[in-house]
1. Looking at the stretch 154-166, which of its residues are touching a helix residue (DSSP H, G or I) at 6+ places or on another chain (Cβ under 9 Å) and open to solvent by 40 Å² or more (accessible area, probe 1.4 Å)?
2. Would you check if E57 is closer than 19 Å to R145 by Cα, open to solvent by 70 Å² or more (accessible area, probe 1.4 Å) and either outside any loop (DSSP other than H, G, I, E, B) or not small (G, A, S) (or both)?
3. Has the stretch 138-158 got at least one residue that is within 24 Å of I24 (Cα to Cα) and among the hydroxyl-bearing types (S, T, Y)?
4. Regarding the stretch 69-77, can at least one residue be identified that is open to solvent by less than 40 Å² (accessible area, probe 1.4 Å) and either part of a helix (DSSP H, G or I) or modelled with pLDDT of 95 or more (or both)?
5. Report every pair of residues separated by at least 6 positions or lying on different chains whose Cβ atoms are under 7 Å apart, first residue within the stretch 58-71 and within 21 Å of A99 (Cβ to Cβ), second at pLDDT 90 or above and basic (K, R).
6. Take the stretch 18-54 and flag every residue that is touching a residue at least 40 places away in the same chain (Cβ under 8 Å), of a type in the set (A, V, I, L, M), open to solvent by 20 Å² or more (accessible area, probe 1.4 Å) and part of a loop (DSSP other than H, G, I, E, B).
7. Give just the number: which of (1) modelled with pLDDT of 95 or more; (2) under 30 Å from A98 (Cβ atoms) does A33 not satisfy?
8. Only one of L132, L136, L97 is open to solvent by less than 50 Å² (accessible area, probe 1.4 Å) and closer than 16 Å to P67 by Cα. Can you tell me which?
Amino acid sequence: MTLDEFNQAPQSAVAELLLACAAIPAWAGNIVAARPFTRVDQLLAFAGELALAWRAEQVDLALAHHPRIGERPGGDSAGAGHSLREQAGVDPADARLAADLREGNRRYEQRFGQVFLIRAAGRSGHEILANLRRRLDNSPEEETRETALQLREIALLRLRKELEEC
């Protein structure tokens with residue numbers, strides 16, 4: 001989608017695109033309402049600034065739409081497509097890595113009560129695993145902040161990708 005198309009598309013279409021980037025309706029609604037944007041970097045800066053204000057409840061809502069690291073998302077939604085591309089660095093044929101990620105996900109979910117979230121794009125499976133293990137030592141407050149920042153990175157990368165695919 002070009003920036004002009006983004007600016008001129010029906011609100012519902014733009015909201016759907018944004019919700020595939022981060023399933024936070026208030027964030028999507030604020031971006032839709034702020035159109036038109038004159039430059040892509042202006043849109044990304046605005047979206048990023050809004051994302052810095054995400055609260056734990058909003059992050060929790062968005063986490064419900066993210067598969068576990070190492071698991072392939074089901075369905076053919078835009079969000080599932082993003083997740084498949086983003087987790088390309090996790091080799092599904094590496095049985096040891098898959099087992100370590102499953103165990104790490106289990107421990108993480110037991111400790112924090114949520115799915116582990118990381119910007120997987122551009123990271124190898126072993127780098128993701130190292131981050132998962134490191135973050136198990138975070139306090140709940142530290143982890144809430146780090147998860148929100150990771151979600152922000154994911155949302156902005158996805159939005160940039162949507163606008164580059166024209």
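1. L157, R160, K161, E164, C166
2. yes
3. yes
4. no
5. From the stretch 58-71, the pairs are G70/R102.
6. L52
7. Unmet for A33, out of (1) modelled with pLDDT of 95 or more; (2) under 30 Å from A98 (Cβ atoms): (2).
8. Selected residue: L132, the only one of L132, L136, L97 that is open to solvent by less than 50 Å² (accessible area, probe 1.4 Å) and closer than 16 Å to P67 by Cα.
The values are calculated or read from the model by the stated rules, or taken from the named source; none is laboratory data. Everything numeric here is computed off the predicted structure, so don't read it as measured data. For neighbour counting, all protein chains shown are included, and Cβ atoms are generated from backbone atoms with ideal geometry for every residue, glycine included. Please note that ligands, DNA and RNA were not included when accessible areas were found on the heavy atoms of the full protein model with its side chains. Shrake-Rupley method; radii C 1.70, N 1.55, O 1.52, S 1.80 Å.
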